[in-house]
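The values are calculated or read from the model by the stated rules, or taken from the named source; none is laboratory data. If you're wondering where the values come from, they're calculated on a predicted model, not measured in any experiment. Neighbour counts are summed over all protein chains in view; Cβ atoms, including those assigned to glycine, are modelled from backbone coordinates with ideal geometry. Only protein heavy atoms, including side chains, enter the accessible area calculation; ligands, DNA and RNA are left aside. Shrake-Rupley method; radii C 1.70, N 1.55, O 1.52, S 1.80 Å.
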Amino acid sequence: MMNPNGLINNFYSKYRDIIHFNKNFLIASIITALLDVVIVTYASITYAGNNLLISIISLTTDFAIFNFIFIILFYLENKQRYLKPDGTKDKQQLRQDSIKLVTTLGLSEIVYLFTKFVSTYLFFEFTRINSSEISIITTVIGWILYATTA
């Protein structure tokens, strides 16, 4: 019978890439959610009453921040993977992995963005909740639907 450390090491070795991918995803998601609270609050003050513009700002900055952070973390985590033995960058492998990543997460990302945009607009339009709470609520709703479709 294997000891607990052996089981953990075996599990980690087997699922290392998935663990690191999810870690990067989680870090990027948390940073994006925190920044979104600030951005939505600022946008709601600056563009008070223009719920469509606030929703567009929230959506575009959310998308840009998350993807920027995730791509940086993913690249830093995997940059050795994309080096050839001679030290040059394996652009073909990087391109193939990028295409796999985009197609794998594409539908879920579309669901998240649609949900985030519509729910942000609707909350601003039909509730009197403050902007930071709207940001948190719509992000959580988006994450739930993202995880469900992923």
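Observations, loosely collected:
- Taking the C-alpha atoms only, the angle from helix 131-149 to the longest principal axis of the chain is near 40 degrees.
- Between Thr46 and Thr104, the C-beta separation translates, for a Förster distance of 35 Å, into a calculated FRET efficiency of about 0.45.
- Note on Lys23: lysines with a C-alpha under 17 Å away, same-chain residues under 8 apart excluded, are Lys14, Lys79.
- Of the labelled figures (i) 50, 30, 28; (ii) 58, 43, 24; (iii) 36, 30, 30, only one reflects Cα extents along the principal axes in Å as derived from the coordinates, namely (ii).
- Cβ-based net charge around Ser119, under 15 Å, with every Lys or Arg adding one and every Asp or Glu removing one: -3
- With a cut-off of 15 Å between beta carbons, the residues surrounding Thr138 carry a summed charge of -3, where Lys and Arg count +1 and Asp and Glu -1.
- Every helix of 4 or more DSSP H residues in the chain counts as -39500 (n - 2.57), and over all residues that averages to -30500 deg cm²/dmol at 222 nm.
- Across the stretch 1-113, Cα pairs under 8 Å and at least six residues apart give a relative contact order of 23 percent.
- FRET efficiency, 1/(1 + (r/R0)^6) with R0 25 Å, evaluated for Asp86 and Leu26 via beta carbons: 0.10
- Ranked by the mean number of other Cβ atoms within 10 Å of their residues, highest first, the peptides 51-60, 139-148 come out as 51-60, 139-148.
- Accessible surface ranking that places the most exposed of Asp90, Asp62 first, with a 1.4 angstrom probe: Asp90, Asp62
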